[in-house]
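Down below is the structure, laid out as structure tokens.
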Amino acid sequence: MFDDDAADSSPWAAWPVAPDQDQDGQLIGPALLTARPRIGEQFRPGRALDHLPGPCASPAIRQPAGTLLEPATEPEWLVRRLLARLVTLPCDPTAFRPWETTVDRARVSHDGRELRLCVSTDRGEVPAGVDVVEFGDRVEVRVRVGIDRQQPPQPIRIRKVPDTAHGRDARHGGVARRWWIGVALTRPLADRTVHDVGTRDRAAWWAARLAWWAARLAWQEAH
């Protein structure tokens, strides 16, 4: 909320964004706030704002959060992030115990010689490989993902979620991420159809995670 007596100084929601960080995870430069247009209209340079420690916290316990510098209607970090979603990345064949997954969507390059496959993963997972079989009337693709050995995922936490079905515990994992994988074709796609022959193998997903956690526990005990 804004630190003044104006009529629009009631609490409002904003999403902090960290476009640049150093090796220790500390912010480089000023922090960025993303807010709804109605709130963004009130972001005048030099205006001080306070931070509430929780969404339902009393305004009486608010803490100073800084001063607004200037609005950024088209920030460079947002443009870079949107463009990065179109960039294809190579697979990591060293990923731990890869399993099959399904393709969310596919695109084709302007010349028809490259397929761009989008897959979703949980935190700490990376594309591990893709198989492509070309036929006269179709192209079949199968994608595998695995656990990133360089950035292992954190264990899944179990938390109680109110109003869930049957009142059972709900699993809360990491942040989902989408990857674009580029696949070169031997000839242009033309009018051929693309078939995803992979399956979302949850049994292999759990097996890989249990094996990874067991390996991490064994390493910690040994060191």
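Throughout, read-outs are computed from the coordinates displayed, never taken from laboratory work. Remember, it's a predicted structure, so these values are computed and weren't measured experimentally. Using ideal geometry, Cβ is built from the backbone for each residue, glycine included, and neighbour counts are taken over all protein chains shown.
Things worth noting here:
- The residues packed around ARG142, meaning those with a beta-carbon under 15 Å from its beta-carbon, carry a net charge of -4 if Lys and Arg are +1 and Asp and Glu are -1.
- Cβ-based net charge around PRO11, under 10 Å, with every Lys or Arg adding one and every Asp or Glu removing one: 0
- By the Stokes-Einstein formula, at 0.692 mPa s and 37 °C, region 181-220 with its Kirkwood radius over alpha-carbon pairs has D equal to 236 µm²/s.
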